[in-house]
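Q: Below are the structure tokens for one structure; questions will follow.
The values are calculated or read from the model by the stated rules, or taken from the named source; none is laboratory data. All values derive from a computational prediction rather than experimental measurement. Note that each Cβ is placed from the backbone with ideal geometry, even for glycine, and that neighbours are counted across all protein chains shown. Please note that ligands, DNA and RNA were not included when accessible areas were found on the heavy atoms of the full protein model with its side chains. Shrake-Rupley method; radii C 1.70, N 1.55, O 1.52, S 1.80 Å.
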Amino acid sequence: QVQLVESGGGLVQAGGSLRLSCAASGRTFSSLVMGWFRQAPGKEREFVAGINWSEHISDSVKGRFTVSRDNAKNTVYLQMSSLRPEDTAVYYCAAKDFAYVGRRPEEYYAWGQGTQVTVSS
């Protein structure tokens, strides 16, 4: 059973940066595809980024967000730059079995508790 714990959210001004972290336990981390999703109030949960052996970034954040993983630390990161008010949401990390990076929430079987990111204008 995979457990995921996110950290790093908070309040930031537009144009600022934040780095989210997600620590995983319970499975061999290198056997997992890790994804980042977000959900704003009244909206569906949407794919932001995922990583297997390479990065997969949603068009809505491409050029501003990057995803990386440290298999030695069992941790995946989401580096967010040039943040906009429309990036405000609860951000979730998720896990699925290797190797395909799914972009639909239902493809992932483990989820973190979420971390709030608020971007002020």
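Q: Write out, first by first residue and then by second, each pair whose Cβ atoms fall under 7 Å of each other, whose residues are 6+ apart or on separate chains, and whose first residue, in the range 1-14, is closer than 14 Å to Tyr92 by Cβ and modelled with pLDDT under 95 while the second is hydrophobic (A, V, I, L, M, F, W, C) and surrounded by fewer than 12 Cβ atoms within 10 Å (Cβ to Cβ).
A: Short answer, once both residue conditions are applied: none.
Q: Look at Gly42 and say whether it is within 18 Å of Val117 (Cβ to Cβ) and open to solvent by less than 60 Å² (accessible area, probe 1.4 Å).
A: Taking the combined requirement at face value, the residue does not satisfy it.
Yes or no, residue by residue, for (1) over 11 Å from the mean Cα position of the chain (by Cα); (2) of a type in the set (S, T, N, Q); (3) under 14 Å from Glu6 (Cα atoms):
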residue	(1), (2), (3)
Asn74	yes, yes, yes
Arg84	yes, no, no
Ala94	no, no, yes
Thr115	no, yes, yes
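Q: Take Ser31 and decide whether it is touching a residue at least 24 places away in the same chain (Cβ under 8 Å), within 15 Å of Val2 (Cβ to Cβ), open to solvent by less than 40 Å² (accessible area, probe 1.4 Å) and among the hydroxyl-bearing types (Ser, Thr, Tyr).
A: yes
Q: Go through the residues of the range 66-79 one by one and say whether even a single one is of a type outside the set (Phe, Trp, Tyr), surrounded by 13 or more Cβ atoms within 10 Å (Cβ to Cβ), touching a His at 6+ places or on another chain (Cβ under 9 Å) and in a strand (DSSP E or B).
A: yes
Q: While we're looking at this one, here's another question. Going by the structure shown, is Ser82 among the hydroxyl-bearing types (Ser, Thr, Tyr) and out of contact with any strand residue (DSSP E or B) (no Cβ under 8 Å at 6 or more places or on another chain)?
A: yes
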